[in-house]
Amino acid sequence: MKILKSLPVWPLAAPLAGWLFLFGSTFNFGGAYQILLVAGLIGSVLAAVYHAEVVAHRIGEPYGTLVLALAVTLIEVALIVSLMLAGGPETTGLARDTVFAAIMIILNGIVGICLLLGAGRHKEQTFGLLGVSASLATLAAIAILTLVLPNYTSSAAGPYYNSSQLIFIAVISLVLYGTFVLVQTVRHRDYFLPKEAVGDEEVHAAPPSASVAWISAGALLVCLGAVVLLAKSLAPALETAIAAMGAPKTLVGIVIAAIVLLPEGLAAVRAARANRLQTSLNLALGSALASIGLTIPAVVVVSLATGLTITLGLDIKSTVLLLLSLMVATLSLGTGRTTVMQGTVHLVIFAVYLFTTIVP
């Protein structure tokens, strides 16, 4: 999508329509009204992708991908915290389930689709190995320390950390993520810069004005807010449909996480098809890091402030899938070159994750 000097009408109208449909849902118009909510959700996702690209084109890489990752994650954190406070003890595993679903969707679903479609169109794609290696090392450390280690500590029985351990792990998560952002944007920014094609009009087009970029930045937050709240509004109907199918309730969290990650996923796929795999991986891995690096400290604060116990440790099946995903990602992204083979492997793991969630 070519970035224009002025914004077209639809990216501004779509999120407003989404918010309008969301307001209308308070009047209980019936089941057919869900169609409008779905339409508002899709329109808000597409508009979010457009505005994210406007901002990214103005400020350049890797700041552009960081903007979208942080915007989505901050709103996701707000949604998780609000659901925890409203749900009480029944939501002790919500943060764990949401973060794990986000990691699996990003690391296998989004990355797999990007590698498969990108290589399918360009046969072989390249990217900067140093930036991806730093992302995977940081992601592996945070994921294992927050989602696996709680199963093996002895200060608190079960998959839990005690209060001092929670504080320590929250600080560690912030230190790792903060250091990653510093490396990505200041110390070693060149590790994350894509090698642009000379004839790529999207890259070499004149950047939008500062006023247009600011408008898009504000509209991006409006879009993402609409996406999250519309997904939350559709959750009861989705939960009912999944229960009617006889599928586990955990599938609801996966679907909602996938909807929330749609803006980043679409932007990453567009970049991969345009032969900008570095941008795709910046988006995907940066989103996974932001999701776990910011969500865990936020829920730790809620837990300590309210006395609500939070469950962090994964079960054995999920632990195996997480370790497999991290190992395969390290191998498939360890050469700086990818083909359809790597994309297929990641998507197969994602299919196994979905299948074993439905048929545990």
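The values are calculated or read from the model by the stated rules, or taken from the named source; none is laboratory data. These numbers come from a predicted model, not from an experiment. All Cβ positions, even for glycine, are placed from backbone atoms using ideal geometry, and neighbour counts span all protein chains on display. Side chains are part of the model used for accessible areas, which takes the heavy atoms of the whole protein and leaves out ligands, DNA and RNA. Shrake-Rupley method; radii C 1.70, N 1.55, O 1.52, S 1.80 Å.
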**Fill in**
Among (1) modelled with pLDDT under 85; (2) closer than 30 Å to ILE316 by Cα; (3) under 22 Å from the mean Cα position of the chain (by Cα), ALA243 falls short only on (3)
**Message:** Checking the structure you have, find out if any residue of the stretch 294-310 is under 16 Å from the mean Cα position of the chain (by Cα) and closer than 18 Å to HIS346 by Cβ.
**Reply:** no
**Item:** Positions within the stretch 35-64 being open to solvent by 60 Å² or more (accessible area, probe 1.4 Å) and either over 15 Å from GLY286 (Cβ atoms) or acidic (Asp, Glu) (or both), in sequence order
**Value:** ILE35, LEU36, VAL38, ILE42, LEU46, ARG58
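In the stretch 188-232, which residue that is among the charged types (D, E, K, R) and surrounded by 15 or more Cβ atoms within 10 Å (Cβ to Cβ) is modelled with the highest pLDDT?
First, pick out the residues of the stretch 188-232 that are among the charged types (D, E, K, R): 189-190, 195-196, 200-202, 232.
Remaining after also requiring surrounded by 15 or more Cβ atoms within 10 Å (Cβ to Cβ): 189, 196, 202, 232.
Details: ARG189: 82, GLU196: 59, GLU202: 49, LYS232: 73.
Filtering the stretch 188-232 for residues that are among the charged types (D, E, K, R) and surrounded by 15 or more Cβ atoms within 10 Å (Cβ to Cβ), the one modelled with the highest pLDDT comes out as ARG189.
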**Request:** Among the helices (runs of 4 or more DSSP H) lying completely within the stretch 80-187, list those that include at least 1 residues that are touching a strand residue (DSSP E or B) at 6+ places or on another chain (Cβ under 6 Å) and buried (at least 17 other Cβ atoms within 10 Å of the Cβ).
**Result:** 111-122
